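What follows draws every value from the coordinates through simple rules; no lab data is involved. Quantities reported herein were computed from a predicted structural model and do not represent experimental measurements. Neighbour counts are summed over all protein chains in view; Cβ atoms, including those assigned to glycine, are modelled from backbone coordinates with ideal geometry.
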Amino acid sequence: MNIIDLRSDTVTKPTPAMREAMYRAEVGDDVFGEDPTINRLEQMASEKLGREAALFVASGTMGNLVAILSQCERGDEVILGDRCHTFLFEQGGLAALGGITSRPITNQYDGTLQLEDIEEAIRGDDIHFPHSRLVCLENTHNECNGNPLTADYTQKVVFSSHSKGLNVHLDGARIFNAAAALKVEVMDLVRGVDSVMFCLSKGLCAPVGSLLCGSADFIDQARRMRKLMGGGMRQAGILAAAGIVALEQMADRLAEDHARAKRLAEGLMQIPGVEVAPTTTNMVYFWLTEEVSKTLDEVVCELAKQGVLLLVNGRFRAVTHYWISDEDIETAIKAVREVCA
Ligand code: TLP
């Protein structure tokens, strides 16, 4: 059976070009700074994002955690969205490992945080309060329908946060999707932020890895922090080689995934009893009205039997990626129509 795996873009397997590059990768001991392939990937990432330096880390979760721990002291507070990945899905690592508290504020439907809400959440100088140190944004915003944040909005948050002495970290796990959707350069979307993480292992198809980018001083500190977490890898150029192919060959094709997501959303919208959130990138969120007598779990199980895999968490999520074709989209729409009939 042909499996149409729409659960996430993290399920993407490496392309043949990636496997070839991995096989041929020149490697060395990266803890000594001697892996030429990692050095090249970090250089490429920092240039693409317009930052001084970059650091290869094992995952998006590690990248966010290293970024936060490198910019905050124990007892500091981080202002972030109540639907952001770092707050919801990273086990509260900043508290568990860094002694740092989260100050969640409302994520708007489009993934933004209102500037007034950020300003209100910043603590005054009072012996009872922790120090507000960092604001975190997420672009594209996973739980907010995969929506991209504009360069203009990010600039406003950066300006306002810096004027109050706070740094800004951007979880840009899917920043290349944001750039494709908004038809801008990635560099424009990250201007001014103090740290930004993006993932190679989602829509870009690499098997492992994320990059953390920022100033040279920040990356020096982040490199220490990564080592503290046991994330100092050795001949990981084998992984970085796939990452280089991801940046060279996969970053510019994401609009194709967005077009397929749009077609999927349009197809699902035609099904009685199915409602679909606005779809702007590669994520399609949808749910059922009372017209359909089945539960979300029943629908997911029946679809899985037909080889169509979705995630369910209060609603359905379908994510398009490199390994999903036009034909797969039509098959998925047909399967949902049948199961919900
Ligand atoms: N997100 C995964 C799951 O954890 C839900 C997914 O399938 O979407 N930031 C954002 C915005 C993410 O969506 C994710 C992964 C991460 C960080 C963490 O990246 P990894 O999985 O590499 O640690």
Practice task
May I ask for the Kirkwood hydrodynamic radius of the chain, worked out over all distinct Cα pairs and given in angstroms to one decimal?
Solution key: 20.7 Å
Handout entry: Surrounding net charge for residue 35, when Lys and Arg each add one and Asp and Glu each subtract one, Cβ distance under 11 Å
Key = -3
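Quick check on the exposure proxy: order 109, 23, 153, 285 from fewest to most C-beta atoms within 10 angstrom. List each step's numbers first, then the result.
Numbers: 109 12, 23 9, 153 18, 285 23.
With the sparsest Cβ surroundings first, the list reads 23, 109, 153, 285.
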Practice task
Please give the residues of the stretch 1-40, grouped as numeric ranges, whose backbone N is less than 17 Å from a label point set 7 Å along the Cα-to-Cβ vector of residue 338.
Solution key: 1-6
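Considering only DSSP beta bridges whose two residues both sit in the chain, what percent are antiparallel, to the nearest 5?
Of the beta bridges lying entirely in the chain, close to 55 percent run antiparallel.
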Problem - For the stretch 1-30 versus the stretch 240-319, the gap between their alpha-carbon centres in whole angstrom - result: 21 Å
Practice task
Order by neighbour count: 286, 89, 176, fewest other Cβ atoms within 10 Å first, most last.
Solution key: 89, 286, 176
Practice task
Fewest Cβ neighbours within 10 Å first, please rank 250, 283 accordingly.
Solution key: 250, 283
Exercise for the section: Along Cα→Cβ, 7 Å out, is where each label goes; now give me the distance between the ones at residue 11 and residue 116 in nm to one decimal. Expected result: 4.3 nm
Completion exercise
Full extension between residue 312 and residue 127 adds, at 0.36 nm per residue less the Cα distance, a length in nm of 62.2 nm
Exercise for the section: Using 0.36 nm per residue of separation minus the Cα-Cα distance, give me the extension gain between residue 106 and residue 155 in nm, one decimal. Expected result: 15.7 nm
Handout entry: Cα-Cα P(r), the stretch 1-83, percent of pairs per 5 Å interval
Key = 3, 10, 12, 18, 20, 15, 11, 8, 4, 1, 0
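Sort the following peptides by mean Cβ neighbour count (other Cβ atoms within 10 Å, averaged over residues), highest first: 91-103, 188-200.
So the peptides 91-103, 188-200, ranked by packing, come out 188-200, 91-103.
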